[in-house]
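Here is the structure we will look at, set down as structure tokens.
The values are calculated or read from the model by the stated rules, or taken from the named source; none is laboratory data. Please read these numbers as outputs of a predicted model, since none were measured by experiment. Every residue, glycine among them, receives a Cβ derived from its backbone with ideal geometry; neighbour counts consider all protein chains shown.
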Amino acid sequence: MDLSNEAAADLALIEHSLRWTEGFSDWTPQALKQLAAGSRLARHPRRELVASDALPPRQTLAVVTGQLMVRTIASEGTRYAVGLVGAGTVLATGRLQLGGSPALEFHAHSDATTIHIPTALLTGLLDSEPQRWRPMLLMLLRQQRDLSASLMDRALGGTRQRIAATVDRLASTYGLSEGADGSLRLRLSQEDLADLLQVSRQTVNRELRALAGNGVLAADYNSLKILDRPALQFVARHGRSPDERRRADL
């Protein structure tokens with residue numbers, strides 16, 4: 001494919017992807033064309049830095065395929081994972097100048113395709129037709145609610161309960177069905193899970209082995225296979241599997 005054909009294909013993919021993104025669903029074709037013309041498509045291999053508040057320019061990301069790991073950058077430079085986001089998510093870079101607000105950076109958790117939109121272009125088009133702000137704000141509020149719920153999952157309860165709640169929530173969005181047995185495959189390494197929960201990889205390994213021993217899930221290389229979703233949700237609520245609870249009640 002020559003450069004002109006590749007650019008045309010990228011432009012078409014940008015328009016198509018934005019049209020199916022919640023916050024842009026009411027935009028006219030003309031407005032989407034204008035937004036797409038000023039944006040660029042980027043493809044990122046796993047673990048590549050996609051964008052950072054610490055680096056110009058100020059831009060808005062729309063995730064087309066794959067997943068991004070979101071990390072905060074503390075004042076001393078330490079990075080903490082705060083969430084995993086996937087296709088349909090819209091993220092802004094360039095933090096507000098509020099005292100001490102942490103910067104964010106976004107890495108490709110898997111191979112990912114993203115749209116990079118100049119934030120000034122996006123806000124200008126939103127301001128030109130103020131009714132466009134409502135679906136955009138509703139989408140951003142929903143995303144913020146989901147991220148807050150995810151953070152609560154990782155903050156409350158014992159380690160096993162937090163692991164189960166985190167895996168269950170991520171599986172709801174990113175799990176892939178496998179076969180007629182109802183199992184789900186989630187691409188998430190033990191290292192990634194430890195990063196999200198701010199615990200050691202050894203701790204995650206121990207708790208996953210306990211869950212595997214109770215038939216809840218199986219841990220494979222860089223992924224988890226959820227074998228019994230109701231049991232996983234039971235652990236997320238109670239901190240132990242139904243079998244463990246029955247044995248304790250005997």
Q) With respect to the numbered conditions (1) assigned to a helix (DSSP H, G or I); (2) at pLDDT 90 or above, which one is the sole condition not fulfilled by Arg169? A) (2)
Q: Give me a count of the residues in the range 59-77 that are surrounded by 14 or more Cβ atoms within 10 Å (Cβ to Cβ) and either charged (D, E, K, R) or assigned by TED's automatic domain parsing to the domain that holds Gln198 (or both).
A: 1
**Q.** Conditions (1) at pLDDT 90 or above; (2) more than 21 Å from the chain's Cα centre (by Cα); number of the one not met by Gly179
**A.** (1)
Q.
Going through Leu32, Leu68 one at a time, which residue ends up being within 26 Å of Met152 (Cα to Cα) and of a type outside the set (Gly, Ala, Ser)?
A. Leu68
Q | Verdict on Thr114 being within 30 Å of Leu35 (Cα to Cα), in contact with a His (Cβ under 8 Å, 6 or more places away or on another chain), at pLDDT 85 or above and assigned by TED's automatic domain parsing to the domain that holds Ser25 | A | yes
Q) Which of the following residues is among the basic types (Lys, Arg), more than 15 Å from the chain's Cα centre (by Cα) and within 24 Å of Asp192 (Cα to Cα): Arg43, Arg47? A) Arg43
Q: Go through (1) crowded, with 18+ Cβ neighbours inside 10 Å; (2) over 29 Å from Leu176 (Cα atoms); (3) of a type in the set (A, V, I, L, M, F, W, C) and name the single condition Val90 misses.
A: (2)
**Q.** Leading residue by the ranking (modelled with the highest pLDDT) among those in the range 147-164 that are farther than 13 Å from Arg229 by Cβ, part of a helix (DSSP H, G or I) and hydrophobic (A, V, I, L, M, F, W, C)
**A.** Ile163
